[in-house]
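Read through the structure below, which is laid out as structure tokens, and then see the notes.
The values are calculated or read from the model by the stated rules, or taken from the named source; none is laboratory data. Nothing here was measured: the structure is a model prediction, and the numbers come from that model. Glycine gets a Cβ as well: all are built from the backbone with ideal geometry, and neighbour counts include every protein chain shown.
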Amino acid sequence: MKISVIGCGYVGLVTAACFSDFGHDVFCMDNQEEKIKKLNEGIIPIYEENLDQLLNKNLKEDKLIFSLVNGDIIEKSEAIFIAVGTPMDINGDTDLTILYDCIQDIKVHLKKGRKKTLIIKSTIPVGTCENIKSMLNDNQDYEIDVVSNPEFLREGSAIKDFMNPDRIVIGTDNQRSIKLLKTIYKKQIDLGHKVIFTNIKSAEIAKYASNSFLAMKVSFINEISDLCETTGADIDEVRNVIGSDKRIGDKFLEPGPGYGGSCFPKDLSSLVNIAKSYGNRIEIIEQVIESNDYRKVKLANRIISKLNLNEISNVTVLGVSFKAGTDDVRDSPAIPIIQQLIRKDINLVVHDPMALTNFSKLYPNINTALDLYDAVRGADILVILTEWSIYRKIDISKLAKLMKGNKIFDFRNIYSREKIIIHGFEYECLGR
Ligand SMILES: NC(=O)c1ccc[n+]([C@@H]2O[C@H](COP(=O)([O-])OP(=O)(O)OC[C@H]3O[C@@H](n4cnc5c(N)ncnc54)[C@H](O)[C@@H]3O)[C@@H](O)[C@H]2O)c1
């Protein structure tokens, strides 16, 4: 089937790579000329495991074409997926400007009398598909159906998640669109992956509700972890007990510096505001947001309290991406922690195996090191903020030789205390 995907970002590129690999003819479009030029040269603008290989394989096999938004392509496509950004605005609502501009761009290219299905992968507040439908069908000559198909992939395992989803959610009451979506997702359906058909509004809300629930788990375990620390309990033992209950599950129960990334913070804020706009309150999520904001203040203060006030401390931060496996620093918990640290008199060096380019765009004046051992050389304090595997595999005796001081803050609990302290380190982790 001929499919258009609009938006060559994390979701759009993964969608395009996987659909083309499943045998569809995919046209992946963006409004950034430079991005399209690079994609056509095989240069992928983001880091995501296996994405590079999958895109380039299908590009070579002509299953995938990158272009600027193009009327002829839209005309040829049976289904048009929208995967543009829906960021948070200044009031904490979802800013739909990019999405609505994109819809206007497409509308120009839609031919009268032709049936088309527009499938919204972007995360959108309840009622948005209805608005888009009215924008597109304001003239009786059009017959455009709009489907909500929220995406649940996780950066860092996006290809795997897209190909093996826990569920595919299709929000529509239009039989023609149901048939079309079943054909598009045939490969995943044949492999036994679950498809849930809902009405459009349920699909829109389900995405926000899922992300909010997961974020709630993260904040919950962080607060339990603090209690463990204060009382002498061990968070690993406690979460083993909690996670063994099938009703709870053992995922998202690792203590850390708080949730972040391009989705959770904006989606939780949006859900709270959506509820308010309908006269409801989701107070539990309001509390989660507060708890997560405070988490970063609390952890930064923990480091600051150990700074030597008589001299300038050398602090090295390992990891600025919001989690391992991605170069994405959008709303990374590392950012507010670093912001608090640089207000103090310190020499800061930052390392990350993938995210330094994105980080340096935000903080061009902060020193970065490309090599891990260069980054730790001369450090008084080491702070681990992302759980990259290269940090897990660090040579601790080499670290002990290279560092000037001996303080390690392991805010991802990637080391065991016993293995660290024998090298003379003062070691602080979470909830243990
Ligand atoms: N990143 C994730 O992990 C993830 C997971 C699930 C859902 N989502 C949701 O998916 C959506 C996209 O997220 P993302 O992280 O891929 O965003 P992104 O910012 O990485 O990518 C968006 C892309 O859309 C392009 N674009 C913007 N306006 C356009 C237009 N008018 N025409 C064509 N292209 C245009 C941008 O240039 C950019 O390349 C968001 O709603 C997000 O909440 C993201």
Sort out which residues of segment 80-94 are of a type in the set (A, V, I, L, M) and either crowded, with 23+ Cβ neighbours inside 10 Å or under 23 Å from ASP25 (Cα atoms) (or both), and write them in order of number.
ILE80, ILE82, ALA83, VAL84
Looking at LEU68, is it free of Cβ contacts under 8 Å to residues at least 40 places away in the same chain, surrounded by fewer than 17 Cβ atoms within 10 Å (Cβ to Cβ), more than 26 Å from LYS182 (Cα to Cα) and within 13 Å of the ligand (Cβ to nearest atom)?
yes
Can you name the residue in segment 95-128 that is at pLDDT 95 or above and of a type in the set (Gly, Ala, Ser) and, of all such residues, is farthest from the ligand (Cβ to nearest atom)?
GLY127
State which residue is farthest from LYS344 (Cα to Cα) when the search covers only segment 380-394 and only residues that are surrounded by 17 or more Cβ atoms within 10 Å (Cβ to Cβ) and touching a Pro at 6+ places or on another chain (Cβ under 8 Å).
TRP388
What single numbered condition from (1) under 30 Å from GLU286 (Cβ atoms); (2) buried (at least 20 other Cβ atoms within 10 Å of the Cβ); (3) away from the ligand (no atom under 16 Å from the Cβ); (4) over 21 Å from the mean Cα position of the chain (by Cα) fails to hold for LYS201?
(2)
Every listed condition ((1) under 18 Å from the mean Cα position of the chain (by Cα); (2) surrounded by 15 or more Cβ atoms within 10 Å (Cβ to Cβ); (3) of a type in the set (S, T, N, Q)) holds for ASN131 save (1)
When segment 404-427 is checked residue by residue, the ones that are touching a residue at least 40 places away in the same chain (Cβ under 8 Å) and in contact with a helix residue (DSSP H, G or I) (Cβ under 7 Å, 6 or more places away or on another chain) are PHE409, PHE411
Just for segment 17-42: of the residues that are more than 11 Å from the ligand (Cβ to nearest atom) and part of a helix (DSSP H, G or I), which one is surrounded by the most Cβ atoms within 10 Å (Cβ to Cβ)?
ALA17
Taking the stated definitions as given, is ASP352 within 16 Å of the ligand (Cβ to nearest atom) and under 24 Å from SER157 (Cα atoms)?
no
When segment 405-432 is checked residue by residue, the ones that are out of contact with any strand residue (DSSP E or B) (no Cβ under 6 Å at 6 or more places or on another chain) and farther than 25 Å from ILE335 by Cα are SER416, GLU418, LYS419, ILE422, HIS423, GLY424
Taking the conditions exactly as written (part of a loop (DSSP other than H, G, I, E, B) and hydroxyl-bearing (Ser, Thr, Tyr)), does THR386 satisfy them or not?
yes
Taking only segment 108-137 into account, find how many residues are of a type in the set (S, T, N, Q) and either without any contact (Cβ under 8 Å) to a residue 12 or more places away in the chain or more than 24 Å from SER67 (Cα to Cα) (or both).
4
Is one or more of the residues making up segment 43-51 crowded, with 23+ Cβ neighbours inside 10 Å, of a type in the set (A, V, I, L, M) and within 9 Å of the ligand (Cβ to nearest atom)?
no
Taking segment 98-125, which residues are among the β-branched types (Val, Ile, Thr) and under 19 Å from PRO265 (Cβ atoms)?
ILE98, THR123, ILE124
Within segment 1-16, the count of residues that are assigned to a strand (DSSP E or B) and either within 11 Å of the ligand (Cβ to nearest atom) or under 18 Å from ASP328 (Cα atoms) (or both) comes to 3
When only residues in segment 275-308 that are of a type in the set (Gly, Ala, Ser) and surrounded by 13 or more Cβ atoms within 10 Å (Cβ to Cβ) count, which is farthest from GLU204 (Cα to Cα)?
ALA300
Keeping to segment 356-379, report how many residues are surrounded by 13 or more Cβ atoms within 10 Å (Cβ to Cβ) and either acidic (Asp, Glu) or part of a helix (DSSP H, G or I) (or both).
10
Count - residues of segment 39-52 that are out of contact with any helix residue (DSSP H, G or I) (no Cβ under 6 Å at 6 or more places or on another chain) and more than 19 Å from ASP328 (Cα to Cα)
2
Checked ASP101, ASP93, ASP105 against criteria (among the acidic types (Asp, Glu), out of contact with any helix residue (DSSP H, G or I) (no Cβ under 9 Å at 6 or more places or on another chain), over 18 Å from GLY171 (Cα atoms) and touching a residue at least 24 places away in the same chain (Cβ under 8 Å)); the one match is ASP105
